[in-house]
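**Q** Quick one: the structure is below, and I'll ask about it shortly.
The values are calculated or read from the model by the stated rules, or taken from the named source; none is laboratory data. No experiment lies behind these values; they were computed from the predicted model shown. So basically every Cβ, Gly included, is an ideal-geometry build from the backbone, and we count neighbours across all protein chains shown.
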Amino acid sequence: MNAIQINNLSFFYENENKTCVLNNINLSIKKRDFAGIIGATGSGKTTFALCLNGLIPNSINGIFSGTVKIKGISTKKARIAELSKTIGLVFQDPDSQLFALTVFDEVLFGPENLGLDKNEIEKRANNALKMTGIYDLKNRETHSLSDGQKQKVCIASILAMDPEILVLDEPTAKLDYKSTKEIYEILRALNKKGKTIILIEHKVEWLYNYANRIIVMNNSNFELDGKPNEIFKKSSYLKSIGLEVPQSMKLKEKIKKLERKISQMTKGDLLD
Ligand SMILES: Nc1ncnc2c1ncn2[C@@H]1O[C@H](COP(=O)(O)OP(=O)(O)OP(=O)(O)O)[C@@H](O)[C@H]1O
Ligand SMILES: [Mg+2]
């Protein structure tokens with residue numbers, strides 16, 4: 001069974017224009033995929049993420065059709081709390097996710113709702129805080145944190161629930177290089193342990209180095225889906241929809257070209 005199976009998913013927000021944000025999407029995500037979703041600003045990535053954890057259609061108004069199944073369970077039929085045991089979403093906007101007074105309460109909330117015993121709840125929360133490097137912020141009030149620190153609390157609170165599928169919507173947008181690397185390394189380690197990762201991201205360089213699948217959103221659908229090497233080769237297409245190609249991939253291509261030239265020159269010398 002696929003971790004996620006999406007069939008004919010369409011979604012319109014109910015504003016005066018009835019914007020069609022997702023138009024007949026079909027997608028399968030396998031267990032252990034580490035998929036990066038890229039797309040221009042406003043292309044529908046966050047809307048798609050909200051369909052994965054069931055907020056659409058269960059809490060957010062709009063016109064929804066098709067099916068989204070998380071490990072075989074339709075999001076339309078399941079309760080959001082039930083789905084959150086299997087799929088955890090780190091929101092793009094930390095302020096939409098954070099609600100508790102202190103960091104520790106925030107990170108405790110998820111495991112508390114899984115019905116675990118007190119020791120296990122605290123162990124999970126402390127581990128998640130340590131993993132994300134914010135253990136020292138444990139007793140701080142969330143509203144007093146910097147944007148980057150809030151982002152780490154959001155990640156920690158999802159990690160503490162230990163869901164099988166993690167969806168992260170630009171989780172490192174406010175983080176520096178060191179923290180970004182730490183988060184990517186955590187995701188890689190979790191993926192190796194069997195977790196399915198879906199990462200919505202504008203930082204293509206990171207995706208190129210960590211994801212094993214890249215999905216491109218454009219025109220309300222996923223227009224490309226493949227291995228990072230194959231997708232990022234399509235530089236003219238990506239440019240035409242406002243996306244960039246990873247610098248390290250460009251550099252690798254240049255080195256390959258140079259090597260070919262040198263080898264041709266050397267062959268020419270030998271023939272002379
Ligand atoms: N609650 C809402 N009501 C009406 N329209 C919305 C709502 N949320 C998003 N939209 C519209 O839906 C479209 C897709 O928005 P979405 O936030 O999913 O894009 P995105 O790809 O995540 O963009 P970004 O890269 O900026 O995060 C945009 O045109 C946006 O204005
Ligand atoms: Mg978004």
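**Q** Search the range 12-24 for residues being within 16 Å of ligand 2 (Cβ to nearest atom) and surrounded by fewer than 17 Cβ atoms within 10 Å (Cβ to Cβ), and hand back the single one that is modelled with the lowest pLDDT. Step through it out loud before you land on a result.
**A** Of all residues in the range 12-24, those within 16 Å of ligand 2 (Cβ to nearest atom) come to 13, 19, 21-22.
Of the ones still in play, those that are also surrounded by fewer than 17 Cβ atoms within 10 Å (Cβ to Cβ) are 13, 19.
Numbers: 13: 94, 19: 79.
Per the criteria, the residue is 19.
**Q** Could you list, in sequence order, the residues of the range 26-49 that are more than 6 Å from ligand 1 (Cβ to nearest atom) and in a strand (DSSP E or B)?
**A** We begin by selecting, within the range 26-49, every residue more than 6 Å from ligand 1 (Cβ to nearest atom); these are 26-38, 40, 48-49.
Once the filter is applied, which keeps residues that are more than 6 Å from ligand 1 (Cβ to nearest atom) and in a strand (DSSP E or B), the range 26-49 yields 26, 27, 28, 29, 34, 35, 36, 37, 38.
**Q** Among residues belonging to the range 58-67 that are within 16 Å of ligand 1 (Cβ to nearest atom) and of a type in the set (S, T, N, Q), point out the one that is modelled with the lowest pLDDT. Outline the logic, then answer.
**A** Within the range 58-67, the subset within 16 Å of ligand 1 (Cβ to nearest atom) is 58-64.
Filter once more, keeping what is of a type in the set (S, T, N, Q): 58-59, 61.
On the way: 58: 95, 59: 94, 61: 89.
Checking each candidate, the answer is 61.
**Q** Any chance the range 68-78 includes a residue that's within 16 Å of ligand 1 (Cβ to nearest atom) and either at pLDDT 95 or above or in a strand (DSSP E or B) (or both)?
**A** We begin by selecting, within the range 68-78, every residue within 16 Å of ligand 1 (Cβ to nearest atom); these are 68.
Next cut, either at pLDDT 95 or above or in a strand (DSSP E or B) (or both) only: 68.
Looking through the range 68-78, at least one residue is within 16 Å of ligand 1 (Cβ to nearest atom) and either at pLDDT 95 or above or in a strand (DSSP E or B) (or both).
**Q** Follow-up. Picking from 27, 101, 9, 108, which residue would you name as being away from ligand 2 (no atom under 16 Å from the Cβ), more than 26 Å from residue 173 (Cα to Cα) and of a type outside the set (Phe, Trp, Tyr)?
**A** On the way: 27 fails: more than 26 Å from residue 173 (Cα to Cα); 101 fails: more than 26 Å from residue 173 (Cα to Cα); 108 fails: more than 26 Å from residue 173 (Cα to Cα).
Criteria check complete, one pass: 9.
**Q** Outside any helix (DSSP H, G or I) and exposed (fewer than 15 other Cβ atoms within 10 Å of the Cβ): does that describe residue 119? Working first, answer last.
**A** Working: outside any helix (DSSP H, G or I): no; exposed (fewer than 15 other Cβ atoms within 10 Å of the Cβ): yes.
No; evaluated as a whole, the condition is false for this residue.
**Q** Tell me the residue from 83, 108 that is surrounded by 17 or more Cβ atoms within 10 Å (Cβ to Cβ), more than 16 Å from ligand 1 (Cβ to nearest atom) and touching a residue at least 40 places away in the same chain (Cβ under 8 Å), please.
**A** Only one candidate passes the filter, namely 108.
**Q** Residue 260 passes all but one of (1) farther than 23 Å from residue 87 by Cα; (2) surrounded by 12 or more Cβ atoms within 10 Å (Cβ to Cβ); which number fails?
**A** Single failed check for residue 260: (2).
**Q** OK, next. Can you tell which of 53, 17, 23 is touching a residue at least 40 places away in the same chain (Cβ under 8 Å), more than 24 Å from residue 147 (Cβ to Cβ), of a type outside the set (Ser, Thr, Tyr) and within 16 Å of ligand 1 (Cβ to nearest atom)? Break it down stepwise before answering.
**A** Numbers: 53 fails: more than 24 Å from residue 147 (Cβ to Cβ); 17 fails: touching a residue at least 40 places away in the same chain (Cβ under 8 Å).
One residue alone meets the criteria, 23.
**Q** Criterion first (under 20 Å from residue 37 (Cα atoms), hydrophobic (A, V, I, L, M, F, W, C), in the same structural domain as residue 52 (by TED's automatic domain parsing) and in a loop (DSSP other than H, G, I, E, B)) does residue 168 satisfy it?
**A** no
**Q** Oh, and also: Could we say that residue 229 is assigned by TED's automatic domain parsing to the domain that holds residue 25, within 22 Å of the chain's Cα centre (by Cα) and surrounded by 15 or more Cβ atoms within 10 Å (Cβ to Cβ) here?
**A** In short, no.
**Q** Being of a type outside the set (S, T, N, Q) and more than 16 Å from ligand 2 (Cβ to nearest atom) is the filter here, so list the residues in the range 36-58 that pass it. It would help to see each step written out before you state the result.
**A** First, the residues of the range 36-58 that are of a type outside the set (S, T, N, Q): 36-40, 42, 44-45, 48-52, 54-57.
54, 57, listed by residue number.
**Q** Taking residue 167 as the residue in question, decide whether it is crowded, with 23+ Cβ neighbours inside 10 Å, under 17 Å from residue 92 (Cα atoms) and within 16 Å of ligand 1 (Cβ to nearest atom). Show your work before the answer.
**A** Details: crowded, with 23+ Cβ neighbours inside 10 Å: yes; under 17 Å from residue 92 (Cα atoms): yes; within 16 Å of ligand 1 (Cβ to nearest atom): yes.
When the stated conditions are applied, residue 167 passes them.
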